[in-house]
Amino acid sequence: MGKTILEIKNLESFYGPIMAIRGVSLKVEEGKVVTVLGANGAGKSTLMKTISGIMDPEKGQILFDGEEIQGREPHAIVRRGIVHVPEGREVFPLLSVDENLSLGAYSRHDRAEIARDRDMVFDYFPILAERRNQEAGTLSGGQQQMLAIGRGLMLRPKIMLLDEPSLGLSPLLVQEIFAILKRVNRDEGVTMMLVEQNARVALDLADFGYVMEIGRIVMEGTADRLMQSEDIKSFYLGHQEEGQRGERRWKRKKTWR
Ligand SMILES: Nc1ncnc2c1ncn2[C@@H]1O[C@H](COP(=O)(O)OP(=O)(O)O)[C@@H](O)[C@H]1O
Ligand SMILES: [Mg+2]
């Protein structure tokens, strides 16, 4: 076991009376990629919003590097190195690619290093360098997702929370983006927590995975182990191409390490 960088204990989050996170516990080891799989509405985005401080939990703890961070302000959480790349690639459409990346570094003042990090982002995403003066709103969906990730990298994350980066993108683009995420994890040492409905690509990248259903963790295991699981195969992998993902309940619930 490596060092645990992020640990969540018995977390509960609500939207008014609706309990969206129902006692979630999980761990992320430093340097690893951990995925949280789940159908639409399982609570994946709510979990990420609670970690990044956009939402306050009702109960439970979030420990980052051993320190409790639940309920703190988003900017204080970002400053610790927890960077959330939200669902739906939220870029500033009227600002250029360059300006979007500068905004990513808003909390920093080290100009030379910011320039170096921008070059790093352009190395990972050469298409962004080509379009650096173009308005972000004119980029394709895949390029906007790249920009959202690049902007996150400008904050020098220790851990990146990636909310469904594959959503709405062609299989080819998804492969391209996930290959880059793998390099960022390996070469920059950025720990990743990746929320996905696309189990195949997520498990391919991840070391360890959890499965969420209606606000709870119903299964966990190494990525290899989850890939072999009959439940995962029939629920996420088997019917994915036919668009039947998420329409079946689990036959049985199990947990293993
Ligand atoms: N702003 C909101 N207000 C009320 N309920 C919400 C809101 N956002 C999400 N929910 C509900 O919380 C549950 C979890 O949603 P979400 O975290 O977005 O799931 P996922 O990201 O796994 O698709 C769902 O039942 C959803 O309808
Ligand atoms: Mg979501």
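The values are calculated or read from the model by the stated rules, or taken from the named source; none is laboratory data. Quantities reported herein were computed from a predicted structural model and do not represent experimental measurements. Ideal geometry is used to build each Cβ from the backbone, glycine not excepted, and the neighbour counts take in all protein chains shown. Calculation scope for accessible area: heavy atoms of the full protein, side chains included, ligands and nucleic acids excluded. Shrake-Rupley method; radii C 1.70, N 1.55, O 1.52, S 1.80 Å.
For the set Lys9/Lys32; Lys3/Lys49; Lys3/Lys233, the pairs lying more than 28 angstrom apart at their alpha carbons are Lys3/Lys233. Accessible area per residue (1.4 Å probe, heavy atoms of protein chains only) ranks Arg116, Arg132, Arg156 as Arg116, Arg156, Arg132, with the largest value leading.
Rounded, prolate or oblate: pick one for the stretch 53-204, where a ≥ b ≥ c are the square roots of the eigenvalues of its C-alpha gyration tensor, a/c under 1.5 means rounded, and failing that, prolate if a/b is larger than b/c, else oblate. Since a/c reaches 1.5 but b/c is at least a/b, the shape of the stretch 53-204 is classed as oblate. Looking at the chain, the accessible area is 47 square angstrom per residue; that uses a 1.4 Å probe and ignores ligands, DNA and RNA. Between Ile214 and Gln175, the simple spin-label model (points 7 angstrom out along Cα→Cβ) gives 3.8 nm. Neighbours of Asp98, meaning other residues whose beta-carbon lies under 13 angstrom from its beta-carbon, give a summed charge of -1 when Lys and Arg score +1 and Asp and Glu score -1. Taking a cut-off of 17 Å, what percent of all Cα-Cα pairs in the stretch 1-99 are separated by more than that? The proportion of pairs with Cα distances above 17 Å equals 55 percent. Counting only Cβ charges, +1 for Lys and Arg and -1 for Asp and Glu, the dipole size of the chain around its Cα centre is about 680 debye.
By the helix-only formula, in which each DSSP H run with n ≥ 4 contributes -39500 (n - 2.57) and the sum is divided by residues, the chain has a 222 nm mean residue ellipticity of -9500 deg cm²/dmol. With the convex hull constructed from alpha-carbon coordinates only, the chain shows a mean projected area of 13.6 nm² over all directions. Where both bridge residues fall in the chain, DSSP classifies roughly 55% of the beta bridges as antiparallel.
On the accessible surface of the chain, probed at 1.4 Å, how many percent belong to carbon and sulfur atoms?
48
Sorted largest first by accessible area at a 1.4 angstrom probe radius, with every protein chain in place, the residues Asp123, Asp110 fall in the order Asp123, Asp110.
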